1. Taking into account only those residues within the range 24-45 that are in a loop (DSSP other than H, G, I, E, B) and open to solvent by 100 Å² or more (accessible area, probe 1.4 Å), which is modelled with the highest pLDDT?
2. Tally time: how many residues in the range 100-114 are among the polar types (S, T, N, Q) and surrounded by 16 or more Cβ atoms within 10 Å (Cβ to Cβ)?
3. Check whether at least one residue in the range 136-150 is under 13 Å from the mean Cα position of the chain (by Cα) and closer than 30 Å to Arg64 by Cβ, and report yes or no.
4. Take Leu158 and decide whether it is farther than 30 Å from Phe78 by Cβ, outside any strand (DSSP E or B) and at pLDDT 75 or above.
5. What number of residues within the range 161-182 are open to solvent by less than 30 Å² (accessible area, probe 1.4 Å), modelled with pLDDT of 85 or more and of a type in the set (S, T, N, Q)?
6. Could you list, in sequence order, all residues of the range 46-94 that are crowded, with 16+ Cβ neighbours inside 10 Å and free of Cβ contacts under 8 Å to residues at least 60 places away in the same chain?
7. Just for the range 74-108: of the residues that are in contact with an Asp or Glu (Cβ under 9 Å, 6 or more places away or on another chain) and not in a helix (DSSP H, G or I), which one is modelled with the lowest pLDDT?
8. Scan the range 193-211 and report the pairs whose first residue is more than 15 Å from Pro49 (Cβ to Cβ) and whose second residue is basic (Lys, Arg) and at pLDDT below 80, with Cβ atoms within less than 6 Å and a gap of 6+ or a chain change.
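The values are calculated or read from the model by the stated rules, or taken from the named source; none is laboratory data. The structure displayed is predicted, hence computed values, not measured ones. Virtual Cβ from ideal backbone geometry, glycine too; neighbours counted across all protein chains shown. Calculation scope for accessible area: heavy atoms of the full protein, side chains included, ligands and nucleic acids excluded. Shrake-Rupley method; radii C 1.70, N 1.55, O 1.52, S 1.80 Å.
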Amino acid sequence: SAYAFSQAVLEIVAHMHRIPFEQASVEGAVAETRPCDDYTNLDQMVIKPLRKLYESAHENSKDRLSITLRLEPVRAIFVHMFAIPSISREEAEKSPQRLQRMKRMLSPDKYEQAQARSEYRAITGEAQTTVEVQVLVVCNEVFQVIDTETGAVVQGSLDGSEKQVAHVVRLETNVTHDYTDQSCQYLRQTNWQVSDIDDLLSPVAWYEKLG
């Protein structure tokens, strides 16, 4: 999880500053910027709403803020892991009908839950489960944001010194149980993705808003 966090941050920085990913991980890479439009790795590592949030913040402040960020993950502390049966982020975003069916799957009425899951399985031939992991990633970090017009430090360390910081990182994956072949049922899993960092998107998880 510490590795996934550091790689996701590198990808975000690389795309915001138009630096090829392999250059972003070496000293002095920022001085050699060139176009980089391949979002394949980033979209595999980070969910799109989180990427868009970083890109919007960068676009709105790039002309007036100077940002220094250097981090070294030193350890990860497991907080929790749990599964949300019959629900996936992708399915919830596809259509209002699917979203309503997912809400029925969360009903306190057990009969309503079972009926909704049976309907979903009959339509799609599969059952999906979201698995979320939350960890604390402890980093040795230098972070400083300076207003280039006034020279004032508006965020981070006043003297640019290194501090040890713990980031709350959420990661999620989707597991699909395929029922289309009754003779050979199997599980299919998506890549783990960083779904939030320090509750930047929301302190309330997306699936908690379905009820």
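1. Here the residue is Asp37.
2. Result for the range 100-114: 1.
3. Looking only at the range 136-150, we keep the residues that are under 13 Å from the mean Cα position of the chain (by Cα), and these are none.
Checking the range 136-150: not a single residue is under 13 Å from the mean Cα position of the chain (by Cα) and closer than 30 Å to Arg64 by Cβ.
4. Values: farther than 30 Å from Phe78 by Cβ: yes; outside any strand (DSSP E or B): yes; at pLDDT 75 or above: yes.
Here the answer is yes, as Leu158 does meet what is asked.
5. Within the range 161-182, residues that are open to solvent by less than 30 Å² (accessible area, probe 1.4 Å), modelled with pLDDT of 85 or more and of a type in the set (S, T, N, Q) number 2.
6. Once the filter is applied, which keeps residues that are crowded, with 16+ Cβ neighbours inside 10 Å and free of Cβ contacts under 8 Å to residues at least 60 places away in the same chain, the range 46-94 yields Arg51, Tyr54, His58, Ser86, Glu91.
7. This residue is Ile84.
8. Partner pairs satisfying both residue conditions: Leu210/Lys103.
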